[in-house]
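The values are calculated or read from the model by the stated rules, or taken from the named source; none is laboratory data. Since the model is a prediction, treat every value here as computed from it, not as a measurement. Cβ placement follows ideal geometry from the backbone for every residue including glycine, while neighbour counts extend to all protein chains displayed. These accessible areas exclude ligands, DNA and RNA; they are computed on the full protein's heavy atoms, side chains included. Shrake-Rupley method; radii C 1.70, N 1.55, O 1.52, S 1.80 Å.
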Amino acid sequence: MIQEDDAEAVRREAGPAESSRANRGWWDRNADDYQEEHGGFLGDDRFVWGPEGLSEDEAALLGPAASLRGRDVLEVGAGAAQCSRWLAARGARPVALDLSHRQLRHARRMDLANPAAPPVPLVQADAAALPFRDGSFDLACSAFGALPFVAEPVRVLREVRRVLRPGGRWVFSVTHPFRWAFPDEPGPEGLTVSGSYFDRTPYVEQDAEGRAVYVEHHRTLGDRVRDVVAGGFRLLDLVEPEWPAWNTQEWGGWSPLRGELLPGTAIFVCERD
């Protein structure tokens with residue numbers, strides 16, 4: 001949950017069109033600040049699953065690095081395509097998709113800064129309507145992209161399944177659902193329950209006219225598992241990264257203090273039927 005200074009934070013319903021419009025606008029307005037604040041941690045070509053700092057180098061959730069060579073990979077909600085650049089360096093053929101034009105401008109900037117590496121193909125589109133043929137990819141991944149911000153996650157999951165080949169792996173990370181019962185604060189105030197874990201009412205930031213300018217949608221852990229199944233996937237693993245001793249940074253509501261006590265990220269490792 002990220003609040004703009006001139007926006008009112010409320011809990012209310014927000015449908016697919018409103019959520020998509022609000023979040024596209026938010027990321028276009030805030031991509032510069034986001035990349036400036038977090039770019040050092042994310043790098044230009046690292047694959048990090050969340051603020052804890054768990055990397056794909058360490059976790060190998062998409063499979064052994066050697067197995068990525070020659071594979072077609074879709075990154076959903078790619079931001080500046082750091083994960084896709086990591087995949088390309090290991091011989092994969094990634095495509096980076098994001099809703100935000102400004103985020104993809106940062107991806108292009110990073111590509112131009114390293115002319116020795118081939119640029120990553122970039123696509124601006126909504127994750128709920130992927131502009132690819134059926135069975136276009138061997139793998140798909142998303143590190144905090146798209147799913148926390150959509151009103152109909154099963155629609156996104158079914159789209160990902162559609163563009164994957166049979167047996168294709170799909171790995172995505174989201175804010176751990178347990179966090180929704182606590183204030184989004186990195187300090188001691190973020191350790192006390194402030195609401196019901198079972199309240200699925202979306203978090204909305206709205207302007208003075210009541211128009212949403214940012215939306216996040218809460219799903220319980222059980223909801224996420226059922227969404228995976230309804231989307232046509234088998235759940236192979238659920239990874240809850242622990243906070244490592246080396247990571248001393250705060251990132252929004254993530255911090256060493258909270259990370260030692262509460263899960264902050266959930267990573268779902270799935271396989272298409």
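Compute the Cα gyration tensor for region 198-248, then decide on rounded, prolate or oblate, letting a ≥ b ≥ c be the square roots of its eigenvalues: rounded whenever a/c is under 1.5, prolate when a/b is larger than b/c in the other cases, and oblate in all that remain. Oblate, because a/c is 1.5 or more while a/b does not exceed b/c. Per residue, the accessible area of region 202-273 comes to 44 Å² when a 1.4 Å probe rolls over the protein heavy atoms. Under the combined filter of DSSP loop state and at most 16 neighbouring Cβ atoms within 10 Å, region 61-102 retains these trypsin sites (Lys or Arg not before Pro): ARG69.
Calculated from the structure at hand, Cα extents along the principal axes in Å is found among (1) 53, 43, 41; (2) 70, 39, 31; (3) 47, 37, 37 as (3).
For the chain, find the longest principal axis of its Cα atoms and tell me its angle to the long axis of helix 101-113, 0 to 90°, nearest 10. The two axes meet at around 50 degrees. Taking a Cβ cut-off of under 13 Å around SER55, the surrounding Lys, Arg, Asp and Glu residues balance to a net charge of -3, with basic ones at +1 and acidic ones at -1. Across VAL150, VAL229, VAL48, mean-square fluctuation computed from a Gaussian network of the chain (C-alpha pairs under 10 Å connected) peaks at VAL229.
Helix 16-42 and the long axis of the chain differ in direction by around 80°, with both axes built from C-alpha atoms. Antiparallel as a % of all DSSP beta bridges within the chain, to the nearest 5? Taking every DSSP beta bridge within the chain, about 60 percent pair in antiparallel fashion.
For the chain, the longest principal axis of the alpha carbon atoms and the long axis of helix 153-163 meet at an angle near 0°.
For GluC sites (Glu not before Pro), the sites in region 1-98 that DSSP calls loop and that have at most 13 other Cβ atoms within 10 Å are GLU13.
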